[in-house]
1. Among A:Ile142, B:Ile151, which comes first, second and so on when ranked by fewest other beta-carbon atoms within 10 Å?
2. Just add up the charged neighbours of B:Ser51: K/R +1, D/E -1, any other residue whose Cβ is under 13 Å from the Cβ of B:Ser51.
3. Given a 10 angstrom Cα cut-off, can you work out which residue in B:Ser92, B:Ser32, B:Ser51 is the most mobile in a GNM of chain B?
4. Under 18 Å between alpha carbons, and skipping anything fewer than 8 positions from A:Lys147 in its own chain: which aspartates and glutamates qualify?
5. Treating cross-link reach as a plain straight distance, find the lysines whose alpha-carbon is under 28 Å from the alpha-carbon of A:Lys99, omitting any fewer than eight places away in the same chain.
6. Find out how many positive minus negative residues lie around B:Arg161, taking Lys and Arg as positive, Asp and Glu as negative, among other residues whose Cβ is under 11 Å from that of B:Arg161.
7. Would you mind getting me the FRET efficiency between B:Ala169 and A:Leu131? Use the beta-carbon distance for r and R0 = 51 Å, nearest 0.05.
8. Could you tell me the relative contact order of chain B? Use alpha-carbon pairs under 8 Å, at least six residues apart, and round to a whole percent.
Amino acid sequence: MVRKTRKTAVLLLVVSAVLTLGWGSTEEEIREAAAGVDTVQAGFVQEKHMKMLARPLVSRGLFCYEAPGSLRWEYTDPVKSLLLMHAGRTRRFTFQDGKWVEEAGFDLQAMQVVVEQIAGWMAGRFDENDLFTARLLPERRIRLTPKNPAFGRYIERIELTLSPVPGVMESVTLHEGENSFTRIRFTSPAVNRPVPDGWFTEVR
Amino acid sequence: MTGRRMLFWPLLAVFLSACAGPPVLTPVPKESACSSRFFMEGDWQFLHRLSFAVSGRRAPSLLGVTVVSTHRRSLKTALMTTEGVVLFEAESGDTALVRKSLPPFDRPGFAEGLMADVRMLFLPPAGPPFAAGRAPDGSLVCRYRGPEGEILDTVKTASDRRQIHRYDADGRRIRTAVLEKGAPAAGRMVLTASDGADYRIEMEAVEAVRVGE
């Protein structure tokens, strides 16, 4: 019994050491760790906190990334909407009256900018960025602050918490000021699992 | 009938209804026309999906969150992208207190206009009704005085649908709201502005949470 417990403890230590190594602790190590990641798929739970709300707004969805820059960001509940990013083009759809409708004339919105950034973050490119200044913090956290004060009116800062698993993020928190923040937690991540054809170009 | 003639009569009807002023009412007891159940009572947090059409052009979908207390007569509202980025936030007491307004929601007069629309949809009128009666089209109308000489009619149509009509001091109808059964907690509300602002907002209920329970 004692031997079994000791074995488990040693195993846990080894596993946690490997997981902590994960992304690495410098920007260079993070980029190298992300280099082996071709695809990441996960669910997410998004909580919107505002001072005015009696209860946070909770949304759920699915996230899929494929290197070098394809992304599918889909809200499934309570309001269906979809952002598709592929070959430098981003399209946005909403589900209305039983069908997907592409939002025409859709201006560049703050969240679209963030989603586009995520593709870069997944590749470990935190510092090569025109919009944000990245700062590496302890405990696998990265703080991004907008370079352009005009964008800062939408998002004051973003904090990313990297998962111990390379290529996987634990959470993204968007701070919009003292009254409001949005936290997105990723669930059940799968790294390098094949992605269906057309996943980044077709509405399904 | 040619296409032009087909368009003429509906347009004329809209034009006349907008110019005609509040309908003359055949009086009925206020208790029968002025049901307290027209508006939802209590403290609520509502989430709606909003579809805007401005001058006939569709704008991107947004989410609207409204926290309302009919007891305190307080109202807080925010417009955000479907992804949750807040573009506008304000609360309504005697005047609109704007906490955040980003383009295109930072135009002069927008906040006051929006808060007046939200107040009309979510809060019962402040004072008691001054008239009640049946309109020529058979609908049951309860009539209230609004701010600055406005008149607000809560309407139950002959087919038992709820509508709210707002008239300015000159008697022009400036807003028409059509509420589906269960709205604002379920179903849809459609608000049409006809005072030259020329917009239409369709609000589809997503969530309704009773606060404090």
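A short reminder: the numbers here are calculations on the coordinates, not readings from a lab. Bear in mind that the values here come from a model prediction, so they are computed numbers and not experimental data. Neighbour counts run over all protein chains shown; Cβ positions are idealised from the backbone, glycine included.
1. Numbers: A:Ile142 22, B:Ile151 19.
Lowest to highest Cβ neighbour count: B:Ile151, A:Ile142.
2. On the way: positive: B:Arg49, B:Arg57, B:Arg58, B:Arg188, B:Arg200; negative: A:Asp97, A:Glu103, B:Glu202, B:Glu204.
Its environment carries a net charge of +1.
3. Between B:Ser92, B:Ser32, B:Ser51, it is B:Ser32 that shows the largest mean-square fluctuation.
4. Counting by Cα, and skipping residues close in sequence, A:Lys147 has these aspartates and glutamates nearby: A:Glu116, A:Asp127, A:Glu128, A:Asp130, A:Glu156, A:Glu159, A:Glu176.
5. A:Lys48, A:Lys80, B:Lys181
6. On the way: positive: B:Lys156, B:Arg162, B:Lys181; negative: B:Asp160, B:Glu180.
Residues near B:Arg161 contribute +1 overall.
7. Numbers: r = 49 Å, r/R0 = 0.95.
It comes out at approximately 0.55.
8. Numbers: 444 pairs, mean separation 47.3, N = 213.
For chain B, the relative contact order is 22 percent.
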